[in-house]
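Single-structure report; data block below.
The values are calculated or read from the model by the stated rules, or taken from the named source; none is laboratory data. Everything quoted here is computed from the prediction, not taken from an experiment. Here the Cβ is made from the backbone with ideal geometry for all residues, glycine too, and neighbour counts use every protein chain on show.
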Amino acid sequence: MGIELQLKELEKRRKRGMRLLAEGLWPAEVARRVGVTRQSVLRWTKLTERGGMEALKRPERFGRPPKLDNAQRAELIKTLKGGALAAGFASELWTLPRIASMIKERFGVQLSQPSVWRMLQQLGWSVQRPAGRARERDEAAIRTWKEKRWPAIKKSLRGKAE
């Protein structure tokens, strides 16, 4: 069950509990019927006294507000896609410390490496490791060797292994 569905179910449960309470049931009985503690029912009662049934709606979001707003996140993605060289780094490799320093420089927000990692995951980015291949690598020569030379070597080795 997704988080959105869970939050909607919890909201329905709160509203059902308050309807049962309005019908004259005791808080303990309401708690038993909706599957919560009596303290939760009493907390819901206080909420509805202050803000009506609207107070039982689920909050828009939980936790701290993000340190980068949506526009800044979009700019961050654009910068990451542009590459580390274009962002002023010596190589094309993006690392968490590099991304953190770039965020601090561009947006004035200091993030720890774990925070940068979590934000990248939220934005749909994953770990990418360089292939570790030589720059001088000749793909055509490698393909030729695999197609022509290796089968010949493999055939000659097969007879010697017996």
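Structure notes:
- Test for residue 132: is it part of a loop (DSSP other than H, G, I, E, B) and more than 21 Å from the chain's Cα centre (by Cα): yes
- Every condition in (1) outside any loop (DSSP other than H, G, I, E, B); (2) in contact (Cβ under 8 Å) with a residue 24 or more places away in the chain; (3) within 30 Å of residue 34 (Cβ to Cβ) holds for residue 58 except the one numbered (1).
- Scan the range 82-136 for residues that are within 15 Å of residue 66 (Cβ to Cβ) and among the polar types (S, T, N, Q) and the total you get is 5.
- Considering residues of the range 58-84 that are at pLDDT 90 or above and either β-branched (Val, Ile, Thr) or farther than 20 Å from residue 117 by Cα (or both) only, the residue surrounded by the fewest Cβ atoms within 10 Å (Cβ to Cβ): 77
- All conditions but one from (1) surrounded by 12 or more Cβ atoms within 10 Å (Cβ to Cβ); (2) outside any helix (DSSP H, G or I); (3) without any contact (Cβ under 8 Å) to a residue 24 or more places away in the chain apply to residue 110; the one that does not is (1).
- Filter result for the condition that a residue is at pLDDT 90 or above and either in the same structural domain as residue 17 (by TED's automatic domain parsing) or not aromatic (Phe, Trp, Tyr) (or both), over 131, 55, 152, 100: 100
- Scanning the range 52-60 for residues that are over 30 Å from residue 122 (Cβ atoms) and within 35 Å of the chain's Cα centre (by Cα) turns up at least one hit.
- Test: residue in the range 16-26 that is over 17 Å from the mean Cα position of the chain (by Cα), on the phi < 0 side of the Ramachandran plot, surrounded by 13 or more Cβ atoms within 10 Å (Cβ to Cβ) and not in a helix (DSSP H, G or I): yes
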